[in-house]
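**Student:** Got a structure for you, questions after.
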Amino acid sequence: MSEDTEHTFEGSGSELRAMTMELDELHHDMGMPAMNGALSQMRGTSRRTFLMGAGAAVTGGAVLAVVGSGTLPALAGASTRRLSAADAAFPPPGLKGDLAVAAVAVSLENLAVFAYAAGLAAATAGKLGTVPPAVATFATTVKAQHQQHADAWNAVLKSNGKAPVTVTNPTLTPTVQADFAQVTDVTGLAQLAITLETIAAQTYQAETTMLESSAAIELSSSIQPVEMQHIAILYYVLGMYPGAQTSSGTPLAFNPTSMAV
Amino acid sequence: MTGDSRALAELLEESQDLQADALRPTRDALDELVETGHARRDDDPEVSRAFHEEHTRALTASLSGAALLGAAGGAVLVGALASAASASSPSDVQILQTAASIENLAVATYKTALTLPYIGGSSANPVVTKFAQVTMGQHAQHADAFNAAAKSLGGKAQTKPDPAFVPVVNKAVASLGSASATQGALGVVGLAMELENIAAETYVKDTVLAKKASNKALFASVMGIEAQHVSVLLAVQALLKAGAPQLISLSPGTAASLPAAAGSLGFPNAFYKTNSAAPAAQGAVK
């Protein structure tokens, strides 16, 4: 049995807590190989401009949440700044092909980090009612994983002499902010999270046929299943079938890409 | 639990009805395969061989140290598992056939598991039963899709299970006979989780190995589904081991009762690994 699935419980509380503490170490242990591979192999020589079309077009005055590795994005109002249209070209003009995809991927991961951080802050402030402990753990752990994903893609950009992306996806950010403003409980937060995770997972899935570098495909494909796992647990929390499904809740054997950006 | 059972039964029924819809992306991919499938037959045997050697080492290490089941007693997989697949053909065809062989093994394993009283019988948790039923059906769809893609490239359909894993599964299932319900359920969950993880890791790797874009898309559409199966099984395993089977429930209020750490058990790694991926040719048609 693979080491990451072989666990023995002696009791529900202490053993579960111990495993959670191990997660952080595992994240770093497992993330490095994929990221290092990408760092050594990815080059920005592609002509392709995947994700640079309508989905990533930004309008002047879009609100971008600025986040970065090591920071803890807070609620939208405290952690965002309004960028001018000149600031907002996205992906940055110097990024082409796989590097442009990397920039978009970072922006999606940043948005997820922002959303989970905002959710945790709202929960701490008592704005979401009673928050089950498992939900808080979920949000904390998932936020950290999304930060690692963002770091991995940013490392790719940096290794190619490009600046890291520290903004959230400009197309989706206004909608997410508006939706988040309507969230009043854990159920609403989980539903918003499912949307973000689904967009991320489907985008990575679509990238497998669009990225040119094998290392980039490898990195993208190593992240997609993790986002899908986040989705499964979110559905479980909501009392729904814990897997990909139609809007009416019918399980799907093949994940679609209709929500990819 | 009654509500869960009814809801899941409805979902299963809908799932069967909508199987054709679910397969639409695959059919689209297969259409593309038909158009492009014969354009290139440049699979590199040397690349396949190197990949095979590399991953045979990793997988052998993974499975040889595996205590797939902690439980004792059980039935033996027969029929479909009696004759295993083996290797050789072009790379995209090989990896598609290998994928089909993994799916075939998963279907056979879930089918056998559902004959056990604590998985498919009256003493079973209805959520676990329905999960096994839905998941078995999904694996059958995956096998069909992989085989259709292989045939579109001029290969044969793989109708047998992966030969490397059959002995392991047989041994594990054979040990289930005298197990208690909890032990048996844990054994089945552990075995299923191992197979799901191998499938997920294999398909993650296959998105890089596959030459045809349509094949990459097919593997990408399935890898996350298998990873979700792993997540669910991780959660179920944890709750069974914690002596809290009542929390294996799809009632909306269940989340409030879950221990804090349960919120992170379903996704142990930030990046999905591939060290347990099946070698590309392992399940190919001989």
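**Student:** In a shell of Cβ-Cβ distance under 12 Å around A:P164, excluding A:P164 itself, what net charge do Lys and Arg (+1) and Asp and Glu (-1) give?
**Tutor:** 0
**Student:** Over 24 Å between Cα atoms: which of A:K143/B:K216; B:K151/B:K286; B:K111/B:K212 fall into that group?
**Tutor:** Details: A:K143/B:K216 28 Å; B:K151/B:K286 14 Å; B:K111/B:K212 32 Å.
In this structure, A:K143/B:K216; B:K111/B:K212 exceed 24 Å between Cα atoms.
**Student:** Taking H as built 1.01 Å from N, whose amide H comes closer than 5 Å to the amide H of A:V167, not counting residues under 5 places away?
**Tutor:** A:V67
**Student:** Between A:A125 and A:S248, what length comes free when the chain is fully extended (0.36 nm per residue of separation minus the Cα-Cα distance, one decimal in nm)?
**Tutor:** 41.0 nm
**Student:** Work through the residues other than B:T207 whose Cβ is under 13 Å from its Cβ and net out their charges, Lys, Arg +1 and Asp, Glu -1.
**Tutor:** In short, -2.
**Student:** Residue-wise, which Karplus ³J(HN,Hα) couplings in Hz belong to the range B:128-142, taking 6.51 cos²θ - 1.76 cosθ + 1.60, θ = phi - 60°, and x for glycine or proline?
**Tutor:** So the Karplus estimates, Gly and Pro as x, are 5, 4, 5, 4, 4, 5, 5, 5, 4, x, 5, 5, 5, 5, 4 Hz.
**Student:** Arranged by the count of other C-beta atoms within 10 angstrom, fewest first, what order do A:S222, B:S175 take? The partial results should precede the final answer.
**Tutor:** Details: A:S222 31, B:S175 20.
Ascending Cβ contact count within 10 Å gives the list B:S175, A:S222.
**Student:** To continue, here is another question. Based on the mean of other Cβ atoms within 10 Å per residue, sort peptides A:155-163, B:108-116 so the most packed one is first.
**Tutor:** Peptide ranking by packing, descending: B:108-116, A:155-163.
**Student:** Determine the gain in length on full extension of the stretch A:A178-A:A89; use 0.36 nm per residue of separation and subtract their C-alpha separation, reporting nm with one decimal.
**Tutor:** Length difference between fully extended and current span is 29.9 nm.
**Student:** Round to the nearest 0.05 the FRET efficiency obtained for A:A163 and A:E212 when R0 = 30 Å and r is the Cβ-Cβ distance.
**Tutor:** After rounding, the FRET efficiency stands at 0.90.
**Student:** By counting other Cβ atoms within 10 Å of each Cβ, how are B:S152, A:S258 ranked from fewest to most? All intermediate terms of the calculation are to be shown ahead of the outcome.
**Tutor:** Numbers: B:S152 23, A:S258 9.
The most exposed by this proxy come first: A:S258, B:S152.
**Student:** Next question. What is the fewest-to-most order of A:Y116, A:Y235 by other Cβ atoms lying within 10 Å of their Cβ?
**Tutor:** Ascending Cβ contact count within 10 Å gives the list A:Y235, A:Y116.
**Student:** Let me ask something else about it. If Lys and Arg each add +1 and Asp and Glu each add -1, what is the summed charge of the other residues whose beta carbon sits under 10 Å from the beta carbon of B:A99?
**Tutor:** -3
Bear in mind that the values in this text are calculations on the coordinates, not laboratory data. This one's a predicted model, so the numbers in the text were calculated from it and none came from an experiment. Virtual Cβ from ideal backbone geometry, glycine too; neighbours counted across all protein chains shown.
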